[in-house]
Every structure is written in structure tokens, then in C-alpha cells.
Amino acid sequence: MATSKSNLKADQLLATLTSGDGTLVMNALSEIEETPVSAALAQLLNSALPKITDTVQAFQVRKTLKVLSLQLTGRVPKLSLTDLQKLFQQPDRFEEIAVAIALLKPTEAVLASDLLRISGWQEFPTPLLPSLCRFIKKFGSIADAASLIELCRHPDPTVLTTALEALEVIDPSNLPSLVTPLLTSPNAGIRAQAIQALYRWDKSTALRHLVEFLFSENPNEQALALHHAVSFPFAEIEPHLLRFITESTDTRLLMRVSQLMQANAHPELPFRLYRISRSLKEQHQNLIKGIVLGVVRALADSQKIQGTAQEFLDQLKSRVKREEEPLLEEALTLTAAQLLHDDRPSDNAPLPDLAGM
């Protein structure tokens, strides 16, 4: 029985949550938090928790699970700014702090960021810091730059990468001095985040590093490359993505490629994908045809093409057939000429025996 799209998505999230890479885990949690609450998501987080050995990542998953549970049961607490101020003064209650800031409305969050700053949030317990960095990224200000710079040297990789990610938004002028040493970090997540930041002032080097990640033999590094690829102009990464899908049969990675391509769909992309699919075999070919279908639907939904998705697919097949016919005719002509040439005796061939004539 074929795996449904929803099951495939759940498998992808589970694999990401248990990947051991803080960047990927935090990204998956953000995706879950932006999805309508459901018991299925809570069950997914519950099943992931026992497989997570990193304490900071496990805390972040537990926090998201707690938020989901409160939303599902309708027990979301109402906290005043006074309540928050008192809570921030007790950093040992870091689970309550993490849940509280996750449930704040945007108007409350801006005021809460001032209270966090006063409370010296960068000194809070390590498991809480990735949540605070993400919060400051959304609702902080230039006044938080010094705290983020400090955390960009934190020993925990998840804290460091979320701090660097926030600093890119809050104060990118401080990036150059921080990023260069991180490009040689033994931690792949840190290197990948540094590559994304590097693109601001050294585009060609950043792209070269990203491509190296994409064609790594490590699936986690490939996943990191696809995660950070969204920060690069699609025109620059498209040729590398097209090459990647000819070499990879990893369903989860190809699903991420599909998402990237659907978000950046243009009318020529399905033709390029379809041509690639015709050179592949069986299951691999079917996976790429699935990407073609997703891209065409994205084009139809965004009205970048006329007519329905099915009409465009019919045009695609006809166009590829028209383009291939001259190539096939040329190949057949060359083959026939080669056969004719091979049938002619060469100058060095032995003379026929004429004695019996």
C-alpha cells in the first residue's frame, strides 16, 4: 500500500526531530507551531521525545508539546505583563517561561521583549535560550545585538545557531567577524548557518559551500543545505537542485526539493524536470514526476499559467515530444550512416577469394 502524503509528511517531521541537528529540529518545531493544532501533532512529538538524546533539543520538543496540549484542551493561561515580569525574575522556572512566550500575542510580545532585556535573558538556562533567540528575532531590537553576539560564542550548537539566525535579522553588521571562524566548525549545523550568513558579503563562496553540503554523503548535511537554500536566489540554486534530484532517491530530501521548487515555480521548470524524469528508471522516475505535478499545480494555483494543471501537463508532453522528434531523427540518420560505413570493406580488409568464380 502506498504511503499517503500526510503520512510521508509525518515521517519527514519525525526524522527531522530525531536527526540530532539543532537547526533542523528548531525548523521542524516552527513548522509544527505554525500548523493548526491537532492530536496527531501531539502524538508525533510524543513519539519523537524518547529518541532525542540532546537535552536542549528535547526541552524544545517538550515545550512545543506542552503548548499544543494547552491549546488542544483549551487551558491556555492568561498572563499579565506583571505576571511575566515576576516569571522572568525566576529563570529556574524556564519551562513556564518558554511556554508563556510561545503563547503571547504579537502586541504583548513586543512589551515582553523589553521585560526580557531588563531581566538579562542571555543568562537564562541553556535549554531555554533557543526559544528566547527565536523570540528576540521576531520581537527584539538593535538593543539585543550585544546579547546575541555573546550567544554566538555559546558552547551549545543549537543556542549558537539560533543566536546567529536572530543576529542576521537584528544587526547583520556584526556578522563578518563572527561568521568566518564558524565556517570551519566541526558541527555541520553551525557551518551551515555560517554559510547562509556569509552570502550577505561573499555570494560565490557561500554558494560553493552550500553546493558542497548539498552533495555531501551525509543525509543530515544534505537536509541542512536544502533548509538553508531558501535564503539563496532560486536562479542560483536551481541548476544544482536539478542535478541533485538525478542523484538522490531519498524521499524525504526530494520532498523538501519539491517544496522549494513549488515555492519558486516558473513555467519552464516543469519542462526541465520532465526531461530529467525521462532519463531515470522506474521508482526514481515516478518520484520526479511527482515533483513535476506539484510544480504544475503551484503554477496553476498562482495563475502563472493559463488553463488547468492537466491542460498544462498535456502541453508539456506534446512539447517534449516535438522537441525530441528531430533529435531522434538525427540519431537514426547517424546510426544508419554508421551501419552503412561498417558494411563497406575497409582498405585494409583481405581481398575476396575469386578462385571459384
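We did not get these values from a lab; they are worked out from the coordinates using the rules stated. These numbers were taken from a predicted model, which means no experiment stands behind them. Cβ sites come from the backbone with ideal geometry, for glycine too, and all protein chains shown count toward neighbours.
Before moving on, here are some points about what is shown:
- Karplus-derived 3J(HN,Hα), 6.51/-1.76/1.60, for each residue of segment 99-111, Hz, glycine and proline x: 5, 4, 6, 5, 9, 6, 7, x, 5, 6, 5, 4, 5
- For D250, no residue whose modelled amide H falls within less than 5 Å of its own remains once neighbours fewer than 5 places apart on the same chain are excluded.
- Cβ-based charge dipole, the chain, positive-most Cα from L183, H154, H227: H154
- Charge dipole (Cα centre; +1 on Lys/Arg Cβ, -1 on Asp/Glu Cβ; no other charges) of segment 233-335 amounts to roughly 280 debye.
- In percent, rounded to a whole number, the relative contact order of segment 189-258 is 27, using alpha-carbon pairs under 8 Å and six or more apart.
- Relative contact order, whole percent, for the chain stands at 9, derived from Cα pairs under 8 Å and 6 or more residues apart.
- Per residue, the average separation of C-alpha pairs within less than 8 Å and at least 6 apart gives segment 233-335 a relative contact order of 23 percent.
- Karplus-based coupling profile of segment 49-65, in residue order and whole Hz: 3, x, 8, 9, 9, 6, 5, 5, 5, 4, 4, 5, 5, 4, 4, 5, 5, with θ = phi - 60° in 6.51 cos²θ - 1.76 cosθ + 1.60 and x standing for Gly or Pro.
- Cα-based shape type of segment 1-80, given that a ≥ b ≥ c are square roots of the gyration tensor eigenvalues and the cut on a/c is 1.5: oblate
- Mean projected area (nm²) of the alpha-carbon convex hull when segment 103-255 is viewed from all directions: 10.1
- For segment 310-316, the Karplus equation 6.51 cos²θ - 1.76 cosθ + 1.60, evaluated at θ = phi - 60°, returns couplings of 5, 5, 5, 4, 5, 5, 4 Hz by residue, with Gly and Pro reported as x.
- The angle between the Cα long axis of helix 157-170 and the main principal axis of the chain comes to about 90°, on a 0 to 90 degree scale.
- The Cα trace of the chain gives Rg and Dmax of 27.3, 117 Å, the first to one decimal, the second as a whole number.
- Cα gyration tensor shape of segment 173-212, rounded if a/c is under 1.5, else prolate or oblate by comparing a/b with b/c: oblate
- In this Cβ point-charge picture (+1 for Lys and Arg, -1 for Asp and Glu), the chain has a dipole of about 1180 debye about its Cα centre.
- For segment 233-335, the equivalent ellipsoid derived from the Cα gyration tensor has semi-axes of 23, 18, 12 Å, listed largest first.
- Segments 283-294, 190-201 sorted - mean Cβ within 10 Å per residue, highest first: 190-201, 283-294
- Using alpha-carbon coordinates, inclination of helix 5-17 to the longest axis of the chain, degrees: 60
- Distance violations [Cα-Cα > 32 Å] among K63/K304; K9/K281; K51/K86; K51/K138; K66/K203: K63/K304; K51/K86; K66/K203
- Once the Cα atoms are used to define both axes, helix 22-33 deviates from the longest principal axis of the chain by about 80 degrees.
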